[in-house]
């Protein structure tokens, strides 16, 4: 039996946000501070990932421990009341997560799933995990890939400059 009225419960549930949550903002600040740039919530990708790194073809999901049932986490347990409602609902969330990740991987995207509790407990570990997943920040990776392409004759230096340098950049810069 729910202790709250239906209207009060509805108001509470309406307050739960799916985007721009506190943990998500913390993760975004952390990753941005590491030198990475990203896009948010790309709806055209399966599962609408929280952070998208299009140039690297990688995505990051930040899952809430309750809503995505983080195994072994205190917050990832099914509520004791109305289990007949919560168990199928939370199981559907997990199924949807697995399906989205499988689709992304089949499309050639790298997927990293982080958990809300890990972010608050171990920011240094999260930073290390992100660095290993994404590789070096900034244009370092892009320059290395494009330099290799030039050496192999697949791309012209002019095409590389056009893609990597801002429009206001000096045209006399040579890569």
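The values are calculated or read from the model by the stated rules, or taken from the named source; none is laboratory data. On a predicted model such as this, the values are computed, not experimentally measured, just so you know. Methodologically, a virtual Cβ is constructed for each residue, glycine included, from the backbone with ideal geometry; neighbour enumeration extends over all protein chains shown.
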Next item on the list: Among the residues of the stretch 21-79, write down those that are surrounded by 18 or more Cβ atoms within 10 Å (Cβ to Cβ) and assigned to a strand (DSSP E or B).
Entry: 51, 52, 53, 58, 59, 60, 61, 62, 63
Next item on the list: Would you confirm whether any residue within the stretch 65-79 is under 21 Å from residue 21 (Cα atoms), within 15 Å of the chain's Cα centre (by Cα), at pLDDT 95 or above and assigned by TED's automatic domain parsing to the domain that holds residue 129?
Entry: no
Item checked: Residues located in the stretch 104-128, provided they are surrounded by 12 or more Cβ atoms within 10 Å (Cβ to Cβ), out of contact with any helix residue (DSSP H, G or I) (no Cβ under 8 Å at 6 or more places or on another chain), part of a helix (DSSP H, G or I) and modelled with pLDDT under 95 -> 117
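How many residues does the stretch 57-80 hold that are closer than 18 Å to residue 30 by Cα and out of contact with any strand residue (DSSP E or B) (no Cβ under 6 Å at 6 or more places or on another chain)?
So the answer is 1.
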